[in-house]
Structures are given as C-alpha cells and as structure tokens.
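K.L.:
Let me give you the structure first, and then I'll get to my questions.
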Amino acid sequence: MALIVKKFGGSSVADANKLFNVARIVTEDYKKGNDVVVVVSAQGDTTDDLIAKAKEINPDNPSKREMDMLLASGEQISIALLAMAIEKLGCPAVSLLGWQAGFSTDSKHSLARIKNVNSERIRAELDKRNIVVVAGFQGLNKYDDITTLGRGGSDTSAVAIASSMHADLCQIYTDVDGVYTADPRKVVGAKKMNEITYDEMLELATLGAQVLNNRSVEMAKKYAVELEVLSSLENKPGTIVKEAVNMEKMLVKGVACDKDILLVSIIGLKDTPGIAFKVFNQLSRKNVNVDIILQSVGRDGTKDITFTVPKTQQADVEEALSIIKEKVDYEDMVINDKTGKLSIVGAGMETHPGVASKMFEALADVGINIHMIATSEIKISVIIDVEDCQKGMQAVHDKFIG
Ligand code: ADP
Ligand code: ASP
Ligand code: MG
C-alpha cells in the first residue's frame, strides 16, 4: 500500500465529464488499497473570471486580502464537486479547504508562502479510508485570514502535502502529457522529455513554462519529492522531475518565453554611490521579484538603470516607483509592457562556448532585435519585443533542438 498525492489542474476538472474522469483515475488507485490525496485547482477559467469580477468593482487596486478571499472560492467549488463525483462512483471521499488540510502560510496575500502543513486531519481521514480532496492554492495566515499562493499555486500545495506526509508518489496531471522542450501548443517540433532535473525544470518554470509552478519545483527539490507530470486524458507515462537524470547529449534542454513582464527604465540617475540601493531597496520592500538588471556605463555624471519585473506585480511596482521618484534625482522613468523574455535552459552551458552566439544567430536570422541579455551557468535570456516572442521561440528551438 502506498500514499499517493495526485494534483489536477483547472482544465482537468473543467466540467462534469472531466470531474468523472478524475474521479475514475483516483478511485482506481484507491481500490488497489492505496491512500489517495487529491489536490485540485478551480474549474477551467474560474480564477480568471473571479479576477474579472473584482475588476468590475475596483479596476485599479482591490485589497489583496479580499482578492484572496474571493479567489479561494474557486477551489471550494471544485473540491466539493469532485468529492461528489467520487461518491457517485461508490467510494468514500471528503473535501477539505486549505485551512482544514492544515496549510499555514505567511501573510503575503496573493503570493503567500507555505510555512507548514499540519497533516493530522488528512491522516485521520485517510485512516477512515476516505479519499481526501484538498483545495489547492490556499492556506491560512497567523491572523486566521485566507491566503493564496500565487497563480498556478496548486502545484505547490500538492508538493507540500507530498513532502509533509512522505508520500510515495506525487503526480501532477494536466492537459499535456509531460514536460516538453518548449510549449507544445506554441512551438512546432517540441519534444517530450522522459526525465528532467529539478534545476532545469526550476529554470524553465521560472522563465515562463507554466506547466509547473516554479515554487513547487523549488520545494520538490528541497525535500526530494520526485514528481511526475502527466496527462489527465491519456493513460501513459509522463515526465519525471528528479535530482539527476540519465545524461542526454542535448545541451539545451528547453526554450521558454515569458510575456508577462514589465521593462522599467530609470533614465538619467545621478551617478553617486547608493543609487542602486535606493532603487532596489524600495522594490524589495514591496516584495517585487526583480529579474534582469542592466546599468549603463553613464554619461555627464548620470547613468540609466533598466530592469524587468513580473506584470502580475504591477501595482506594487508602481507604488515602489512613486516612492523612488521622491528619493532620487532622475530625468525620466519609462515602463514598457510590450516586451518578453526568451530563454534557453540547460545545465553546463558555461563550459560550452558558442551557445550564446548560436542563440543570437538564430534570432538575427529572423530579424529579431535584442534589447537586453543575461546569462548564468544554466540559462541565457534575452529581452525582445513581445510581438517577436512566438517567432523567436520557434527559431531558437529549431536551431538547438530541431
Ligand atoms: P493546469 O491547469 O493543469 O495547471 P497549466 O495551464 O498551468 O495547466 O499548464 C499546462 C500548460 O503549460 C500546457 O497546456 C502548455 O501549453 C503549457 N506549457 C508551457 N511550457 C510547456 C512545456 N515546456 N512543456 C509542457 N507544457 C508547457
Ligand atoms: N486556480 C489557481 C490559478 O488559476 C491556482 C492553480 O490553478 O494552480 O492560478
Ligand atoms: Mg498550472
């Protein structure tokens, strides 16, 4: 007998047929004598629809606490419906909200981090031979307020349960049959991988491959939870995410693109010590994740700083920038929301000269202009115009993976 955690994303639970499909998958494992915990997301586009509803009331900046209260309701619907579908198939099930399942988080509403999962209640329900259906994406902070974990956060909920309960298996079911070398819906010729390392998957997820939430991969690596990403519609093996994989010849493992970024430029900053600190300290106070940073050489005692931030944090970025405006001397501040970040990922890139130039050649061949470049031992990212992202992804994928 094993303890199995299975997570199903929004498209896998979108309607009654899909819910029964999920119920069949989980009851099959249950009937073999296994303990089964199922984590689900909100149905279909529910989360987006709820966000749209909030914007009808307050288009600019609704309270994050109330946003979390609202968005958590999506998962409440899907857990109850799935538990009913399982019961209809003749197996006992119980649905639990995040707090009932023991999820404590910090208080960063809309992007909370899990502090602990007290799995006593889940354990007790399993011991009663229930299939336990848990609402993903949500928890409770120390003030007993509902929090959410950020978009795609149900993946992290599943990994957190698997690690706290030492599950034998953690399976992430979705609408594709595994992790591909690029988004198979966008890039022709994308190839499914049988295995990928935590580090490579973490980079791909962070750089825009939404198939797994990056925090879920971070947590899986930390607690050595082996993950399988697989299809909820086709019964076949998916992709295993783990520490080390059989070495494949391929150096570049994947291509990802993130269109949800803002490129912020602060132009004509006075060139004195402490300027960069003043700028980035304000952003860090708002918990903004700053990515690529470029500082110009400078002229006439001034310099420019340009950096990228997630579009989802636009309100926090704007608040930070308004404080920065009061604290530093500068000429102009520009926010460009029409760029994207295109990246290649693969371990050992720093020891293979020529990878960067091959990537730039692929982009040059299709006439794409690069605005910024950042490299690390496991990735190369470029900032390009958002309308070039699709073409760029295909060209770079063709060049390295074919
Ligand atoms: P879920 O609702 O199940 O959480 P998501 O929409 O969050 O599903 O993630 C699955 C989607 O991720 C796929 O439909 C696919 O278009 C996209 N995707 C992006 N990059 C990749 C990749 N490298 N491999 C597989 N899927 C990817
Ligand atoms: N329902 C949430 C979202 O759409 C969480 C998730 O799907 O993982 O982002
Ligand atoms: Mg997802």
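The values are calculated or read from the model by the stated rules, or taken from the named source; none is laboratory data. Computed from a predicted model, the values in this text were never measured in an experiment. Note that each Cβ is placed from the backbone with ideal geometry, even for glycine, and that neighbours are counted across all protein chains shown.
K.L.:
Can you name the residue in region 103-139 that is outside any strand (DSSP E or B) and touching a residue at least 60 places away in the same chain (Cβ under 8 Å) and, of all such residues, is farthest from Val37 (Cα to Cα)?
P.N.:
Lys108
K.L.:
Okay, next question. In region 134-191, how many residues are within 29 Å of His109 (Cβ to Cβ) and within 16 Å of ligand 2 (Cβ to nearest atom)?
P.N.:
Number satisfying all stated conditions: 28.
K.L.:
Going by the conditions given, is Ile114 more than 16 Å from ligand 1 (Cβ to nearest atom), β-branched (Val, Ile, Thr), buried (at least 20 other Cβ atoms within 10 Å of the Cβ) and under 21 Å from Gln210 (Cβ atoms)?
P.N.:
Yes: the conditions hold for Ile114.
K.L.:
In contact (Cβ under 8 Å) with a residue 60 or more places away in the chain, farther than 30 Å from Tyr223 by Cα and polar (S, T, N, Q): does that describe Ser296?
P.N.:
no
K.L.:
While we're on this one: So, Asp271, is that one over 23 Å from Thr339 (Cβ atoms) and among the acidic types (Asp, Glu) or not?
P.N.:
Here the answer is yes, as Asp271 does meet what is asked.
K.L.:
Let me ask something else about it. Can you go through Val188, Val252, Val176, Val229 and tell me which one is surrounded by fewer than 16 Cβ atoms within 10 Å (Cβ to Cβ), among the β-branched types (Val, Ile, Thr) and either at pLDDT 95 or above or over 24 Å from Ile114 (Cβ atoms) (or both)?
P.N.:
Checking each option against the conditions leaves just Val188.
K.L.:
Could you pull out every one of the strands (runs of 3 or more DSSP E) wholly within region 140-259 that has 1 or more residues that are of a type in the set (Gly, Ala, Ser)?
P.N.:
Per the criteria, 227-231, 254-258.
K.L.:
Can we say Lys191 is in contact (Cβ under 8 Å) with a residue 40 or more places away in the chain and closer than 27 Å to Asp291 by Cα?
P.N.:
The answer is no for Lys191.
K.L.:
Here's a check for you: in region 147-164, which residue that is crowded, with 22+ Cβ neighbours inside 10 Å and under 16 Å from Met67 (Cβ atoms) is nearest to ligand 1 (Cβ to nearest atom)?
P.N.:
Gly153
K.L.:
Can you pull out every residue in region 260-291 that is in contact with a Leu (Cβ under 9 Å, 6 or more places away or on another chain), in a helix (DSSP H, G or I) and under 30 Å from Ile344 (Cβ atoms)?
P.N.:
Ala276, Val279, Leu283
K.L.:
Would a scan of region 20-39 turn up a residue that is within 13 Å of ligand 1 (Cβ to nearest atom), aromatic (Phe, Trp, Tyr) and surrounded by 12 or more Cβ atoms within 10 Å (Cβ to Cβ)?
P.N.:
Looking for residues that are within 13 Å of ligand 1 (Cβ to nearest atom), aromatic (Phe, Trp, Tyr) and surrounded by 12 or more Cβ atoms within 10 Å (Cβ to Cβ), one finds none in region 20-39, hence no.
K.L.:
Another one. Which is under 25 Å from the mean Cα position of the chain (by Cα) and within 16 Å of ligand 1 (Cβ to nearest atom), of Ser119, Ser78?
P.N.:
So the residue among Ser119, Ser78 that is under 25 Å from the mean Cα position of the chain (by Cα) and within 16 Å of ligand 1 (Cβ to nearest atom) is Ser78.
K.L.:
Restricting attention to region 196-217, report how many residues are farther than 25 Å from Val13 by Cβ and within 16 Å of ligand 3 (Cβ to nearest atom).
P.N.:
3
K.L.:
Hey, another quick one. Can you find, within region 320-356, the residue that is nearest to Leu263 (Cα to Cα) among those that are in a helix (DSSP H, G or I) and of a type in the set (A, V, I, L, M)?
P.N.:
Restricting to residues being in a helix (DSSP H, G or I) and of a type in the set (A, V, I, L, M), the top hit is Leu321.
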